[in-house]
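Okay, structure first, notes after.
The values are calculated or read from the model by the stated rules, or taken from the named source; none is laboratory data. Everything numeric here is computed off the predicted structure, so don't read it as measured data. Note: ideal-geometry Cβ built from the backbone for every residue, glycine included; neighbour counts use all protein chains shown.
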Amino acid sequence: MGTWSGGRVGVIALAAVAVAGVGVGFWLSGQPTAGQSQTFQAARLKGTDKPDLTGIWQALTTANWDIQDHSADAGPFPRLMGIWGAQHPGQGIVEGNELPYHPEALAKKQENFKRRLAVDHDNLNTVGDPEAKCFLPGVPRATYMPFPFQILQSTDKVVIAYQFANASRTIPIDKATEPPVDFWMGWSNGHWEGDTLVVDVKGFNDMTWFDRAGNYHSEALHVVERYTPVSANHLNYEATIEDPKVFTRPWKISMPLYRRMEQNVQLLEFKCVDLSEEYLYGGLVKQSTQ
Amino acid sequence: MRRRLLGIMGAAAVTMTIALVALVPAAGQAPDGAAKDWKPGTTPWGDPDLQGMWDTRTFTPMERPAVFGSREFMTEEEAASRERQGLTRVQSGDEDEQGNDLIEQDARRYATADRKDEGQPGYRIAGAEYNAFWSADPTQPKVSLRTSQVIDPPDGRVPPLTRAALEKWAENDRVRKGRSQADNWEDRGLSERCIIRNGLPGEMRGDTQQPLKQIVQAPGFVAIVMPYGYVRIVPLNGSPHVGAGIRQWNGDSRGRWEGTTLVIETTNFKNTIKNHVPGHGGPFGGSDHVHYYLGTGETLKLTERFTPTDAGTLEYRYTVEDPSVFVRPFTTVVYWNRDTWSEQGKQDRLFEYACHEHNYGIVNAIRGARTDRAAAMDEADRETAVRVKERNEKLEQLKKWEAANKSTQ
């Protein structure tokens with residue numbers, strides 16, 4: 001492993017340093033967690049010295065609409081959907097709110113937004129918001145979609161299962177390997193820094209988005225996530241986003257994750273594939289009958 | 001002896017790896033039942049530790065081939081001969097043995113495939129859509145001399161389908177009458193549509209395309225990472241199943257420990273009978289298609305038992321109770337082997353199953369059916385003919401069973 005993927009990743013890493021001189025400093029200095037209690041001591045995973053993150057968690061932000069600040073809006077189909085389809089207002093999750101797009105990349109983001117609900121049968125997986133099509137949501141978007149996800153923690157592995165589209169990640173701890181191919185959900189490697197679970201994710205494709213606003217990335221995306229318990233029922237979630245092809249410097253998002261407290265809470269199936277077929281393929285049937 | 005295949009499969013562009021092991025254990029090694037006095041390790045929180053990557057391929061046919069008569073176990077010689085002949089994908093009762101040479105096997109499949117209009121738009125190679133490259137090495141871990149996975153009923157055969165299920169099946173075919181192979185997406189099977197591959201319990205059995213399952217445990221939970229795009233999360237806390245109003249493709253699972261055996265009970269399945277159309281996608285489909293064209297009812301209760309029998313083996317047993325589909329319950333047993341490739345640290349996770357994300361197969365099927373509707377109608381007729389043949393066989397099976405049960409009463 002690593003013999004044939006190392007080259008590409010190495011080039012990207014170099015490019016990141018070259019393009020984002022300031023950003024690297026920003027990233028390194030960005031470690032202390034806002035709002036993190038210095039005194040909170042998380043319960044240990046039974047029989048180990050690691051904090052136990054097992055549980056069902058959910059973000060309570062409107063970032064899936066737009067990771068930047070956004071106002072209320074009627075949404076794309078007010079005549080069909082009424083207020084069911086309205087965009088909820090919300091404060092963004094991006095530190096400083098600005099996304100450091102390269103100019104041509106910003107143009108693509110705006111084009112994405114315009115065509116966010118377009119279905120192109122010859123470009124199924126590259127046009128339109130992947131969420132609308134029930135595609136695997138990618139990282140970090142899976143974290144702040146309006147669905148719960150479950151962390152299952154073992155000694156040398158952590159599994160994160162997401163309700164949306166049955167997405168999941170298996171994250172080996174302290175045994176980092178290079179991505180052998182690219183993935184919708186990336187290739188995750190974990191390690192502990194004190195009580196913080198750090199997950200380094202790369203090996204993405206260029207087809208997932210950050211939100212419904214068309215914010216996007218390339219296959220050079222590198223995400224470093226930090227899950228820190230700050231109370232018995234809260235994690236602080238931070239992610240540093242680096243993608244020198246799309247952004248001029250790394251940037252950071254953060255939000256709390258809340259433990260779902262219902263006595264009987266569990267993940268339910270949201271295998272949305274069959275729910276997306278009319279949207280994806282309906283046009284094929286209609287076109288041909290005209 | 002070791003092979004590692006990295007595949008990107010056809011229209012659905014499925015990415016997966018298969019780590020394969022051709023294991024030839026000592027003759028007669030613990031075919032059934034645990035090694036004496038051996039106990040599995042425990043997790044730091046005190047549960048029996050079943051974690052790891054498991055190779056679920058099996059050498060044992062689902063149903064007992066007629067050649068074995070009423071024998072529950074085959075001889076070493078018979079096992080060696082079957083292994084040599086690569087009978088891994090043989091259908092139940094089918095003694096038409098294939099060679100185990102992959103190229104030769106492909107050549108045979110292509111030769112017998114339904115070829116028509118080669119090079120023309122209607123060209124098809126039904127029955128040979130995937131060549132043997134995509135399947136695991138037919139030489140398989142040999143840990144059981146059983147002649148069938150089905151151990152109950154004792155004849156080693158899956159019980160007949162109920163009259164109600166057969167009627168439902170016939171109704172599905174009536175609904176399809178006059179429809180082409182792909183008038184719309186619902187004319188294709190659940191697997192082609194990337195909804196479920198085979199479903200439960202089919203996906204738990206050895207699948208030659210992706211035989212690995214990964215078990216990860218956390219306090220209060222067992223997670224089974226499945227190769228076809230989801231994680232089975234099994235709570236062990238004794239909580240009741242979700243309400244009857246919640247129906248899921250893979251049901252709702254609850255687990256408990258009985259000694260070192262993990263018992264999982266799954267209910268709340270969707271009614272998949274109505275989704276039964278050509279192609280893969282039946283809960284009892286898989287590498288030996290027992291019920292290729294039939295789903296399960298909401299009444300399905302699946303009980304699975306995972307028993308570690310030695311450091312490298314997990315006995316996997318399931319019982320199906322679904323009175324709306326089968327005339328009586330049945331139980332199967334197979335043995336899962338620790339995947340040594342993974343144990344050596346060379347593979348620590350399954351690759352994601354991004355099937356729906358590139359499903360140009362459905363787009364092209366619909367477009368194709370509209371481009372040449374006559375060919376698409378022909379193909380639908382061919383698919384229906386195969387289903388009718390299978391349904392008639394099932395009806396005969398049921399009649400025999402009814403006659404036999406009347407005479408013993």
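Here is how the numbers come out for the structure above:
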read-out	value
Flag for A:Val201 being more than 11 Å from every other protein chain (Cβ to nearest Cβ), in a strand (DSSP E or B) and crowded, with 23+ Cβ neighbours inside 10 Å	yes
Output for region B:237-260, where each listed residue is crowded, with 17+ Cβ neighbours inside 10 Å and away from chain A (no Cβ under 12 Å)	B:Gly255, B:Thr260
Residue check, B:Gly41 under 25 Å from B:Trp341 (Cβ atoms), within 14 Å of chain A (Cβ to nearest Cβ), free of Cβ contacts under 8 Å to residues at least 24 places away in the same chain and not aliphatic (A, V, I, L, M)	yes
Meets criteria (part of a loop (DSSP other than H, G, I, E, B) and either within 24 Å of A:Asn236 (Cβ to Cβ) or within 16 Å of the chain's Cα centre (by Cα) (or both)) for A:Ala213	yes
Leading residue by the ranking (nearest to the other protein chains (Cβ to nearest Cβ)) among those in region A:40-65 that are assigned to a loop (DSSP other than H, G, I, E, B) and of a type in the set (Phe, Trp, Tyr)	A:Phe40
Residue list for region B:364-387, filter: of a type in the set (Ser, Thr, Tyr) and within 12 Å of chain A (Cβ to nearest Cβ)	B:Thr371
One residue from B:Ile246, B:Ile224, B:Ile264 being assigned to a loop (DSSP other than H, G, I, E, B), modelled with pLDDT of 95 or more, among the hydrophobic types (A, V, I, L, M, F, W, C) and over 30 Å from B:Arg179 (Cβ atoms)	B:Ile246
Verdict on A:Asn236 being at pLDDT 95 or above and under 25 Å from A:Glu104 (Cα atoms)	no
Residue match in region B:164-187 (condition: surrounded by 23 or more Cβ atoms within 10 Å (Cβ to Cβ) and either in a strand (DSSP E or B) or within 16 Å of the chain's Cα centre (by Cα) (or both))	no
Residue that is farthest from B:His356 (Cα to Cα), among those in region B:227-236 that are at pLDDT 95 or above, more than 7 Å from every other protein chain (Cβ to nearest Cβ) and under 21 Å from the mean Cα position of the chain (by Cα)	B:Val234
Those residues of region A:71-122 which are among the acidic types (Asp, Glu), closer than 19 Å to A:Glu242 by Cβ and in contact with a strand residue (DSSP E or B) (Cβ under 6 Å, 6 or more places away or on another chain), in sequence order	A:Glu95
Residue within region A:114-131 that is touching a residue at least 40 places away in the same chain (Cβ under 8 Å), surrounded by fewer than 18 Cβ atoms within 10 Å (Cβ to Cβ), assigned to a loop (DSSP other than H, G, I, E, B) and among the acidic types (Asp, Glu) present	no
Complete set of residues in region A:152-187 that are aromatic (Phe, Trp, Tyr), within 8 Å of chain B (Cβ to nearest Cβ) and not in a loop (DSSP other than H, G, I, E, B)	A:Phe183
Residues being buried (at least 23 other Cβ atoms within 10 Å of the Cβ), of a type in the set (Lys, Arg) and at pLDDT 90 or above - total across region B:136-163	1
Residue satisfying all of: in region B:320-363; of a type in the set (Val, Ile, Thr) and over 22 Å from the mean Cα position of the chain (by Cα); farthest from the other protein chains (Cβ to nearest Cβ) among these	B:Thr340
Region A:198-233, residues that are farther than 20 Å from A:Asp69 by Cβ and either at pLDDT below 95 or of a type in the set (Phe, Trp, Tyr) (or both)	A:Phe204, A:Tyr227
Residue check for A:Val273: within 11 Å of another protein chain (Cβ to nearest Cβ), within 30 Å of B:Arg254 (Cα to Cα) and buried (at least 17 other Cβ atoms within 10 Å of the Cβ)	yes
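Let's see how each residue does on (1) within 14 Å of another protein chain (Cβ to nearest Cβ); (2) out of contact with any helix residue (DSSP H, G or I) (no Cβ under 8 Å at 6 or more places or on another chain):
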| position | (1), (2) |
| --- | --- |
| B:Thr147 | no, no |
| B:Ala170 | no, no |
| B:Arg179 | yes, no |
| B:Trp185 | yes, no |
| B:Arg188 | yes, no |
| B:Cys194 | yes, no |
| B:Leu200 | yes, yes |
| B:Pro211 | no, yes |
| B:Gly220 | yes, yes |
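Yes or no, residue by residue, for (1) within 14 Å of chain B (Cβ to nearest Cβ); (2) closer than 24 Å to B:Ile233 by Cα:
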position	(1), (2)
A:Tyr227	no, yes
A:Val246	no, no
A:Tyr258	no, yes
A:Val265	yes, yes
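Here's the yes/no breakdown for (1) modelled with pLDDT under 95; (2) over 24 Å from A:Tyr162 (Cα atoms); (3) polar (S, T, N, Q):
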position: A:Pro51; (1), (2), (3): no, no, no
position: A:Thr62; (1), (2), (3): no, no, yes
position: A:Glu98; (1), (2), (3): no, yes, no
position: A:Glu111; (1), (2), (3): no, yes, no
